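Data block below; observations after.
The values are calculated or read from the model by the stated rules, or taken from the named source; none is laboratory data. Bear in mind that the values here come from a model prediction, so they are computed numbers and not experimental data. Note that we place each Cβ from the backbone using ideal geometry, even for glycine, and neighbour counts take in every protein chain shown.
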Amino acid sequence: MIKMNNIVASVCVLVVGCFLMPGSFAAEPKWSFEFSAGVFEPDDENWSTYYGSQKMPEISVAFARRFFSVFDLGVALNYGVDKGKGRLPISELTGGTVHYHIVPVDIFLLFRARFSEEQWLVPYFGGGYTRFNYRQEISGQGKVQGGTNGHHLRAGLQILLDPLERKSAQAIYQDYGVINSYLILEARKTRAKVGNPKIELGGLSYKVGLLLEF
């Protein structure tokens, strides 16, 4: 019995040592920068009536700070624009060419399921606060702009690119301090209402991008 307990204890020490030994998380990243692009689908089911399509292009940049190897606390700036003809969904003005701009700003907390240095598929999920800024312009009839508070949820997959070209990854690390590079695939759901009666400005975003860890 004593011998079995010693074996179990030795195995536990070995397993813990594998996670704590130097090099398990060599040059552990502390910061990340992300650039992504995709489409935003407004929840307004009549959107295509105003703009001809239910989707609009969107780009995003984000910075985050890493905590405890698996949590990211960050801020993201998103920008989308669409153009069409018809009635403005917020102001109810009619006629002319319509330009609609959105600038949602997100403060988020993410959990990344990364448990080893060489893990090449890293799923993640999280969410947080959103300040949804918007501006609508219609030719000859002025503009309506403002902002409202909301929230968002996001989930995605990070694909480690470093194993594809080790030499290039090493050179980028030496020259720019980039520890890891990921291709990211993400979906984000935003909720933000404005006006009385309330109009939903949020929607669903799909993005593809590049994430760099420092």
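Structure summary
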| quantity | calculated |
| --- | --- |
| Failed item, numbered, when residue 60 is tested on (1) surrounded by 19 or more Cβ atoms within 10 Å (Cβ to Cβ); (2) of a type outside the set (A, V, I, L, M); (3) modelled with pLDDT under 95 | (3) |
| Identity of the residue in region 192-209, of a type in the set (A, V, I, L, M, F, W, C) and either under 16 Å from residue 78 (Cβ atoms) or crowded, with 16+ Cβ neighbours inside 10 Å (or both), that ends up nearest to the chain's Cα centre (by Cα) | 208 |
| Pairs where the first residue, in region 112-136, is touching a residue at least 60 places away in the same chain (Cβ under 8 Å) and of a type in the set (A, V, I, L, M) and the second is part of a strand (DSSP E or B) and buried (at least 18 other Cβ atoms within 10 Å of the Cβ), C-beta under 9 Å, 6+ apart | 122/112; 122/158; 122/160; 122/182 |
| Cross-chain or 6+ apart pairs with Cβ under 7 Å, region 45-73 first and in contact (Cβ under 8 Å) with a residue 40 or more places away in the chain and closer than 21 Å to residue 97 by Cβ, then in a loop (DSSP other than H, G, I, E, B) and polar (S, T, N, Q) | 47/54 |
| Some residue of region 23-32 being modelled with pLDDT under 90, of a type in the set (A, V, I, L, M), surrounded by 17 or more Cβ atoms within 10 Å (Cβ to Cβ) and over 25 Å from residue 208 (Cα atoms) | no |
| Which listed residue is modelled with pLDDT under 95 and either out of contact with any strand residue (DSSP E or B) (no Cβ under 9 Å at 6 or more places or on another chain) or among the basic types (Lys, Arg) (or both), from 116, 69 | 116 |
| When residues of region 107-141 are limited to those that are basic (Lys, Arg) and over 21 Å from residue 97 (Cα atoms), the one surrounded by the most Cβ atoms within 10 Å (Cβ to Cβ) | 112 |
